[in-house]
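Here the structure is laid out as structure tokens; the discussion comes afterwards.
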Amino acid sequence: ATIHYTLGPEMILFLLFCSSEWSLGEPPAGEEQDKQNANSQLSTLFVEKPQTGSVKVGENITFIAKVKAEDLLRKPTIKWFKGKWMDLASKAGKHLQLKETFERHSRVYTFEMQIIQAKESYAGNYRCEVTYKDKFDSCTFDLEVHGKRVFFGDGQDDAGELDFSGLLKRREVKPQEEEPEVDVWELLKNANPSEYEKIAFQYGITDLRGMLKRLKRMRRVEKKSAAFAKILDPAYQVDKGGRVRFAVELADPKLEVKWYKNGQEIRPSTKYIFEHKGCERIMFINNCGLTDDSEYYVTAGDEKCSTELFVREPPVMVTKQLEDTNVSEDDANVKWFKNGEEIIPGPKSRYRIKVEGKKHILIIEGATKADSAEYSVMTTGGQSSAKLSVGLKPLKILTPLTDQTVHLGKEICLKCEISEYISGKWTKNGLPVQESDHLKIVHKGRIHKLVIANALIEDEGDYVFAPDAYPITLPAKVHVIDPPKIILDGLDADNTVTVIAGSKLRLEIPISGEPPPKAIWSRADKAIMEGSGRIRAESYPDSSTLVIDVAERDDSGVYHINLKNEAGEAHASIKIKVVDIPDPPVAPSVTDVGDDWCIMKWEPPAYDGGTPILGYFIERKKKQSSRWMRLNFDLCKETTFEPKKMIEGVAYEVRIFAVNAVGISKPSMPSKPFVPLAVTSPPTLLTVDSVTDTTVTMRWRPPDQIGAAGLDGYVLEYCFEGTDNWIVANTELIDKTKFTITGLPTDARIFVRVKAINAAGASEPKYYSQPILVKEIIEPPKIRIPRHLKQTYVRRVGEAVNLVIPFQGKPRPELTWKKDGAEIDKNQINIRNSETDTIIFIRKAERSHSGKYDLQVKVEKFMETASIDIQIIDRPGPPQVVKIEDVWGENVALSWIPPKDDGNAAITGYTIQKADKKSMEWFTVIEHYHRTSATISELVIGNEYYFRVFAENMCGLSEDATMTKESAVIAKDGKIYKNPVYEDFDFTEAPMFTQPLVNTYAVAGYNATLNCSVRGNPKPKITWMKNKVAIVDDPRYRMFSNQGVCTLEIRKPSPYDGGTYCCKAVNDLGTVEIECKLEVKVVAQ
């Protein structure tokens, strides 16, 4: 105990000695009885527990624990502990051996812990724990080593090597001095690895292994950062419930900084507070808990730096110090000592001893500083000690320091007066102040002064005067101020700034002043706010910036900047001029067209962009193409132009660009298409398709070159052999490439030709090379079965069947279809015939449509036949019966009978599922199984199961499954299972966002969506708001909510749709909101 006392006439020191009611080495009866009761409780795993034992120094002792393995399928896990926390498995060696054996006949595991050559320090409390899956059992026992008086009781709190010393159940608690804050992280970094466990126990570290992993990561050498002038410390430590401060210093204050915890971005809140001070970025974490013990990192640009936060639970401190000293007997012999020397009271001594029964008091008269020492008292049965500290004479402050606010360049004078003629020390922001030409320190008697003749910004801070030998400080704050100034040296004489429309303007104006002045930008008496708008202001300690993200014509005008701080105000005006490219001219007109040229004209654009038009560029392209070609590389000064070298018959379009000093305008609308016309080439491949006694049918291909004028149709002409009189066969243009000439005499011979017609006229004719005899020719029938129909055609029930079978034969053959030898029901199966093929069409196939289909094609006396096999399949029915054949151990044998209905396809396998009778949730255990019997294994002992089986063919699993009528009980030998009683679970929950909204950028004219996810029970009502105003019945917005995912769709947003959007979720248990910002950007065309 330490006693602080001020110099004075008399000081009294009294201590209290407590007498013991029980002898040393014997624990209290109540505690011993509690241990016996705890060890006598019914054990779930142990059949024999370790018992308390005693041993002499240097001898051996063995503790035995036995576990019955009759109900266990695997070996249990056992752990030996000394005290509450130290695992003895890591201490096995010369003095400690751990063994285990297994007796197969009795099925008993035997675990032994043998202590060899016991020492006195091995005495204490031990614990044995055994675990198996979800079962757990433990017991405690004591070890007594003879040769030293050993005390049992609170020894469980000890930790370290085996040389633990037992502690007294009742012992004298020595008052402890208040120790300064200890940084455990620094202790671990500088400590030997063998001392890690001792430090962890002393300072309450619960996750030593995780902390050592972080220590290994933190020892990596950090590379020098280009973004950070000062990075985070490797680690921080804070007590639970305390506040911690993270700070970094940026090399560039314009960089954006984001803070993260375990990879998740940290948002500002009452717990997390962010501050900006010049280049310094600070984050405070309030009310730290154990969940805040984590990894943190901060990003600036493409770089990041990380740190670790360790949250320490505060240690248990002694709050009540030793006050009085009592002894057990009234006439006890008590001696007092000062620094080990006995105090002998006498008539001339300043020490007096006062005895009041069992209380002994030491009185020191006229205490001085020399009386500071350690005093102790000793009896025949014990001793106690305390430290005495004698203080100085009280110091009075006659004139304290006062806070001062001075202008830059003025004098600073800090003055104080104290009651004693002693010297002192001056500090500024915690650092000693050094006297110089700039700073003077004056000491006259009891007056102390600090004088600065010419105040600078660096002189601002917290000043403290501390008198020597006294724990007293006199603080004062000095605040240096300077009127604000606006520096416009980088602008033109008339303060004009020119910016091109569509580009970003970042006008940075240097400013000065102390404290840093507040800058306000305005235009036409309307303030420009800081934030994320298109036109916004940004403030920095030494400058103020006006930002226009996408400059527009309407942004031109006069902008005002006002500075204000506590020292004064400043004002300036800046003119911003926005110039742009010209508007596109109107579409040009083509006034005249030749075979490879045209003449075009146009009008100048309505807006020249603020600067004169310098000329025009002209482009052309083919109508079917998207590639424009520049026609002039020198600006055309006139508003007329003559394009040349165009391809005849190709459609063209032309457009123009206006040019000024800023750039080239957007293109005008294309002109109307114009075509240098030309006739097509002759048709190709003129052939005879068919001939009858009175008709001839001709086929041909379109011309190879049609041209831009297109193709209007064809004209077919014929003439009889021996004449030159060509007769037009068609009265109107033929739009197809096939035509039949009718009304011809039988056995006549004719010549045929065809011409292509377009707007330019008729093409050259295409002739058939030889005369055609008008007489029908018989062609025997022939059926061409497709390759995929030569084998069985398989389709599922409900699918469409559409089969096309080509055939040949002239004249047009007769077709007959039969199914399985009978006529086809045309109400169920559609048959469509043409001159060259026949089609079988079934809209929704059924199993009754399966069978053999026969096709017969007949031309007069010639006949051809073919057959097609169609198989319509469906999913099979379930197995007929599923039985449980046998149950043994964790296994069940099943058997079943195949289904009656195989779905018109072979059974390919079976799927077997199981379900616990408690939950009746089905789980698949075997798939694609080919046999009709199976064994299900690895079932849980004590559960009751049902089983069901699905049949499977090439169409899939059967719709239903056949379930066992009885259940299979996996019995637990010698145990009776009692069904537990479960209380209804309360599923109600206040709304909570599981995925937040994020700030989003959208492109004008393209739909944008905002997404978040929320959960809650009852289902919360979702409300969307823009700028704190609810969105109701607005056709520009669509709102969706599916499975907790909330979506707001903004249709074709414009810049005016930007702002702050909020999603609000409400149910009976609470309300929650989340916000994000949407910025709509206009993309230049």
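Stretching LYS79 away from ARG506 to a fully extended chain increases their span by 146.8 nm, per 0.36 nm per residue minus the current alpha-carbon distance. Backbone amide hydrogens, once placed in the peptide plane, bring LEU456 within less than 5 Å of GLY409, excluding anything fewer than 5 places away on its chain. Karplus-derived 3J(HN,Hα) values for region 916-922, using 6.51 cos²θ - 1.76 cosθ + 1.60 with θ = phi - 60°, are 6, 4, 5, 9, 6, 9, 8 Hz; glycine and proline are entered as x. Taking 7 Å steps out from each Cα toward its Cβ at ALA89 and HIS146 produces label points 3.5 nm apart. Of the residues GLY124, ILE805, THR692, the one whose Cα sits farthest towards the positive end of the charge dipole of the chain is THR692 (charges of +1 on Lys and Arg Cβ, -1 on Asp and Glu Cβ, taken about the Cα centre). Give me the angle, in degrees from 0 to 90, between the Cα long axis of helix 29-39 and the longest principal axis of the Cα atoms of the chain, rounded to the nearest 10. For 29-39 against the chain, the angle is about 30 degrees.
Which FRET efficiency value, to the nearest 0.05, do you get for ARG843 and ILE734 by plugging their Cβ-Cβ distance into 1/(1 + (r/R0)^6) with R0 = 45 Å? Could you put the intermediate results ahead of the total?
Working: r = 36 Å, r/R0 = 0.81.
Approximately 0.80, to the nearest 0.05.
Averaging the sequence gap over all C-alpha pairs within less than 8 Å and six or more residues apart, then dividing by the number of residues, gives region 809-913 a relative contact order of 21 percent. In degrees from 0 to 90, rounded to the nearest 10, what is the angle of the helix 208-218 Cα long axis to the longest principal axis of the chain? Tilt of helix 208-218: around 70 degrees.
Fully extending the segment from THR723 to ASN190, taken as 0.36 nm per residue of separation minus the present Cα-Cα distance, adds 179.8 nm. Basic side chains Lys and Arg get +1 at the Cβ, acidic Asp and Glu get -1 at the Cβ, and with that the dipole of the chain about its Cα centre reaches some 1400 debye.
Hey, what did region 230-312 get for relative contact order, percent, Cα under 8 Å, at least 6 apart?
40 percent.
Given R0 = 25 Å, the distance between the Cβ atoms of LYS972 and SER919 translates into a calculated FRET efficiency of 0.85. For the pair ARG553 and GLU458 in one chain, pulling the backbone fully straight at 0.36 nm per residue adds 29.6 nm over the alpha carbon distance. Among the trypsin sites (Lys or Arg not before Pro) found in region 894-926, those both in a DSSP coil and sparsely packed, with 14 or fewer other Cβ atoms within 10 Å of their Cβ, are LYS900, LYS917, LYS918. With all protein chains kept in place, the per residue accessible area of the chain amounts to 59 square angstrom at a probe of 1.4 angstrom. 3J(HN,Hα) along region 462-471, derived from phi through the Karplus expression 6.51 cos²θ - 1.76 cosθ + 1.60 where θ = phi - 60°, amounts to 9, 9, 9, 10, 10, x, 5, 6, 10, x Hz, with x in place of Gly and Pro.
Computed from label points 7 Å out along Cα-Cβ, the spacing between GLN383 and VAL981 is 6.5 nm.
Within region 711-742, report the GluC sites (Glu not before Pro) that DSSP leaves as loop and that have at most 15 other Cβ atoms within 10 Å.
In loop regions of region 711-742 (DSSP not H, G, I, E or B), the sparsely surrounded GluC sites (Glu not before Pro) are GLU721, GLU732.
Figure legend: label point modelled 7 angstrom from the Cα of GLU989 along Cα→Cβ; residues of region 1002-1043 with amide N under 18 Å from it are 1012-1022, 1042-1043. In the chain, the inverse of the mean reciprocal separation of distinct Cα atoms equals 44.7 Å; this is its Kirkwood hydrodynamic radius. On the basis of the beta-carbon distance and an R0 of 22 Å, ASN339 and TYR470 show a calculated FRET efficiency of 0.25. Taking a straight line from the alpha carbon of LYS645, these lysines sit under 26 Å away, with near neighbours fewer than eight places off in the same chain left out: LYS601, LYS621, LYS622, LYS623, LYS637, LYS666, LYS672. Give the residues of region 774-788 whose amide nitrogen is closer than 15 Å to a point set 7 Å from the Cα of VAL804 in the direction of its Cβ. Zone members listed by number: 784-788. Each Lys and Arg Cβ is given +1 and each Asp and Glu Cβ -1; about its Cα centre, region 483-591 then shows a dipole of about 160 debye. Computed over the chain, relative contact order equals 5 percent, with contacts defined as Cα pairs under 8 Å that lie 6+ residues apart.
Report in % the part of the accessible area of the chain that belongs to carbon and sulfur, leaving out ligands and nucleic acids; probe 1.4 Å. Working shown, then result.
Details: 31590 of 64090 Å².
With neighbouring chains kept in place, the figure for the chain is 49 percent.
So how many Å³ per residue does the convex hull of the Cα atoms of region 589-659 work out to? Convex hull volume per residue, Cα atoms: 94 Å³. Amide H to amide H, with H built 1.01 Å from N, LYS335 comes under 5 Å of MET378, counting only residues 5 or more places away or on other chains. In summary, the lysines within cross-link reach of LYS387, defined as a Cα separation below 23 angstrom excluding same-chain residues under 8 places away, comprise LYS174, LYS320, LYS335, LYS338, LYS354, LYS358, LYS359, LYS369. Sorting 103-109, 684-690 by their mean Cβ neighbour count within 10 Å, with the most densely packed peptide first, gives 684-690, 103-109. Working note: 222 nm ellipticity from helices only, DSSP H runs with n ≥ 4, each -39,500 (n - 2.57), summed and divided by the residues of the chain, gives -1000 deg cm²/dmol to the nearest 500.
The values are calculated or read from the model by the stated rules, or taken from the named source; none is laboratory data. Predicted model only: the values in this text are computed from it and were never measured. With ideal geometry, Cβ positions are generated from the backbone for all residues, glycine too; neighbour counts draw on all protein chains shown. Side chains are part of the model used for accessible areas, which takes the heavy atoms of the whole protein and leaves out ligands, DNA and RNA. Shrake-Rupley method; radii C 1.70, N 1.55, O 1.52, S 1.80 Å.
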